[in-house]
Amino acid sequence: MDHKQNIFPYVLLGLAVILIGFGVYNMTRMPPSRYSDIHSEFSLHSIDGPVTSRDMLGKVGVIYFGYTHCPDVCPDTLVRIGAALKLLDSDQLAKVMPVFITTDPGRDSPEVMAKYAHHFNSHILGLSGSSKEIAAAAKSFLSGYKKETPGKKGNYTVSHASFIIIVRPDGSLDKLMSHTSKPEDIANTIRYWLRWT
């Protein structure tokens, strides 16, 4: 029997293994970020101490900027995020880092943020910081805000971007979801990225 004929099946088998491996690699590798030129980060404070964007690495991040005196959009959005988290099981929740970052550091201390965030879901981490730290974090995540002129009684509102920010396990931005997104859609987006945690 020809020696080449003996080798041929092994060559085919080797090629098949390589092609299957390449296919599996392409199916399982994390897709490129749509915001690859944006390097978002924060360094803020929780009731338990410092928290940075590096703490999100290896997890799916869910970030929302707002403030505790917000009359409507913030509580409604946090209800949606809280409901989305309830759709995940305990193993999935362990790989998610949801944070609520204040845009009103003058009134929202880490203690105030912790109590407010936990009202919507105990997994949501309330974060605050100095005006400079908050401004840097908001700018980094494309989330603008502005303190409005106080009224006669000294009360004021804060205009702010209201999207829900999803951060991939590699730390890059995935998408900016609407504050009116259904909890199911938020949960499904989180689940999609959990495969790379």
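Just so it is clear, none of the values below were taken in a lab; they were calculated from the coordinates. Here the structure is a predicted model, which is why all the values come from computation and not from measurement.
Observations
- Computed over all pairs of different Cα atoms, the Kirkwood value for the hydrodynamic radius of the chain is 18.6 Å.
- Rel. contact order, % - alpha carbon contacts under 8 angstrom, at least six apart, the range 43-194: 32 percent
- The Cα center of the range 146-197 and the Cα center of the range 72-94 differ in position by 12 Å.
- Cross-link pairs Lys152/Lys182; Lys86/Lys153; Lys153/Lys175; Lys146/Lys182; Lys115/Lys139; Lys95/Lys182 - those with Cα-Cα distance over 29 Å: Lys152/Lys182; Lys86/Lys153; Lys153/Lys175
- Value at 222 nm in deg cm²/dmol, rounded to 500, when DSSP H runs of n ≥ 4 in the chain each add -39,500 (n - 2.57): -12500 deg cm²/dmol
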